[in-house]
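Report on one structure; see the data block that follows.
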Amino acid sequence: MMNFDFTEEQELLRNTVRSFVDKEIMPYIKEWDEKQHFETSILTRLADLGLMGVCIPEQYGGSGMDYNSLAIVCEELERGDMAFRTAVSVHTGLNSMTLLQWGTEEQKQKYLVPQSKGQKVGAFGLTEPNAGSDVAAMQTTARDAGDHYVLNGSKTWISICDAADHFLVFAYTDKSKKHHGISAFIVERTWEGFSSKAIKGKLGIRAGNTGEIFFDNVKVPKENLLGQEGDGFKIAMSALDNGRFTVAAGACGTIMASLEASVKYCHERSTFGKEIGRHQLVQQMIAKMEAGLVQSRLLVYRAGCLKNQGKRNTRETSLAKWQACDYAYEAANDAVQIHGAYGFSNEYPVERYLRNAKAPVIYEGTREIHTVMQGEYVLGYRVDKPLSNMLPAWPFESVTEEAVK
Ligand code: COS
């Protein structure tokens with residue numbers, strides 16, 4: 001049976017995040033964006049609200065809500081600014097959910113529990129200067145040195161790289177095995193040989209923190225290998241199933257924000273003797289935003305429902321991510337258009353939405369990667385196999401290691 005209703009708990013969650021954003025982000029975001037300042041205290045306050053591990057089982061320090069509740073958090077945060085949604089995407093979507101899916105009980109206790117409580121922040125290191133869409137082109141290596149690995153290389157475009165305590169890092173343990181030679185590691189920022197450096201001058205998400213991380217002979221204990229040697233590519237792809245879900249949900253927030261600003265402006269501004277909202281070509285842009293919002297949400301919640309059922313959702317998540325991010329970019333662009341010359345200045349927030357909206361059309365799988373994936377699915381060239389490790393289905397009864405595996 002299909003049900004399009006939110007639960008009371010989800011409605012309450014949406015209202016909580018919405019008022020948090022209105023009070024704690026909206027009044028300051030223009031300044032943070034201008035100064036390229038990432039306000040890390042927001043993460044602490046999100047943790048106080050239980051939002052740094054919203055869909056992580058309570059036994060691992062989370063709030064135990066379902067996967068669509070994570071989508072709600074992402075939508076509402078991005079309505080304020082993409083920077084904070086990105087932080088939750090990376091911390092919860094790419095890192096914590098991957099630990100939940102692939103970690104041993106010891107790894108979960110040591111890393112997932114403090115992350116879910118927001119006492120520690122997690123990030124994700126996959127992309128390299130010469131390996132973006134082509135993940136297997138990465139050059140970072142992890143050499144087996146007996147009781148530990150030695151990590152060398154660098155990663156770039158790493159969100160919250162200066163704020164994170166733990167990183168999931170992907171490196172070759174055996175280059176000759178191609179993508180089957182990549183492994184995943186949990187790396188702590190305090191370890192010798194680790195460093196990070198922010199990238200300044202980005203087009204958008206200027207209130208966020210993005211940069212490079214470097215490994216210079218970093219010693220990684222054997223127990224920090226996630227999964228088995230050679231599982232890294234699969235782990236990265238399964239992490240992206242969750243990261244992309246949060247990006248798609250966030251895109252709905254950009255559409256909401258574009259729509260809100262545009263509707264307000266339509267009632268404020270008059271041309272040719274009437275409110276601009278009365279002009280049909282303006283109505284067309286508003287109508288497209290509304291259609292984009294509803295369609296994107298349906299795609300996101302469908303992917304979330306599959307996650308709740310513990311089913312593979314790579315195809316559905318990819319479609320949601322591709323479509324929602326395209327709609328968000330178009331919505332922000334139209335919002336600027338509706339605002340006319342004012343939209344071109346930072347007197348109004350819509351220029352920030354447009355600059356921000358460009359990033360998700362590129363990250364977590366470019367528009368082109370998702371287009372090709374969808375084409376391949378339909379043509380039968382891409383077929384998803386059942387996986388040995390899945391996220392636990394929701395409701396989380398008692399998530400034992402056996403249930404997760
Ligand atoms: N979960 C688990 N395993 C997965 C998976 C998933 N979602 N997707 C693929 N795999 C597995 C496959 O089962 C396959 O396993 P075997 O080799 O054992 O059969 C393996 O991974 C290779 O997968 P696939 O054949 O699909 O790889 P391709 O080279 O065809 O395609 C693309 C990979 C291009 C789709 C992929 O590299 C990609 O998504 N690139 C974009 C990367 C990206 O989003 N980067 C942004 C990072 S921002 S954090």
### Query
What is the residue count in segment 349-388 for residues that are among the polar types (S, T, N, Q) and either surrounded by fewer than 15 Cβ atoms within 10 Å (Cβ to Cβ) or more than 17 Å from the chain's Cα centre (by Cα) (or both)?
3
### Query
Just a yes or no: is a residue in segment 49-67 hydrophobic (A, V, I, L, M, F, W, C), assigned to a helix (DSSP H, G or I) and touching a residue at least 12 places away in the same chain (Cβ under 8 Å)?
no
### Task
Show the residue pairs that are 6+ apart or on different chains and have beta-carbon atoms under 6 Å apart, the first residue being within segment 153-181 and under 17 Å from Asn217 (Cα atoms), the second being within 13 Å of the ligand (Cβ to nearest atom) and of a type in the set (Asp, Glu).
Lys155/Glu128
#### Entry: Positions within segment 94-107 being farther than 18 Å from Ser388 by Cα and away from the ligand (no atom under 14 Å from the Cβ), in sequence order
Ser96, Glu106, Gln107
### strands (runs of 3 or more DSSP E) wholly inside segment 122-224 that include at least 2 residues being closer than 24 Å to Ser238 by Cα and within 16 Å of the ligand (Cβ to nearest atom)
122-125, 148-159, 166-172, 182-188, 210-221
### Task
Kindly list, by first and then second residue, each pair from a residue in segment 19-41 that is within 20 Å of Ser159 (Cβ to Cβ) to a residue that is part of a helix (DSSP H, G or I) and of a type in the set (Phe, Trp, Tyr), limited to pairs with Cβ atoms under 7 Å and residues at least 6 apart or on different chains.
Ile25/Phe84; Glu39/Trp32
#### Entry: Odd one out for Pro114, checked against (1) away from the ligand (no atom under 12 Å from the Cβ); (2) touching a Lys or Arg at 6+ places or on another chain (Cβ under 8 Å); (3) under 30 Å from Asn346 (Cα atoms)
(3)
### Query
Of (1) surrounded by fewer than 13 Cβ atoms within 10 Å (Cβ to Cβ); (2) β-branched (Val, Ile, Thr); (3) under 11 Å from His339 (Cα atoms), Ile276 satisfies all except one. Which?
(1)
### Task
Quick one: which residue in Phe20, Phe38 is more than 17 Å from the chain's Cα centre (by Cα) and aromatic (Phe, Trp, Tyr)?
Phe20
### Looking only at segment 118-168, and only at residues there that are surrounded by fewer than 20 Cβ atoms within 10 Å (Cβ to Cβ) and of a type in the set (A, V, I, L, M, F, W, C), the one that is nearest to Asn224 (Cα to Cα)
Val150
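Read the figures in this text as sums done on the coordinates, not as results from a lab. Note that the structure is predicted; figures quoted are calculated from it, not measured. Glycine gets a Cβ as well: all are built from the backbone with ideal geometry, and neighbour counts include every protein chain shown.
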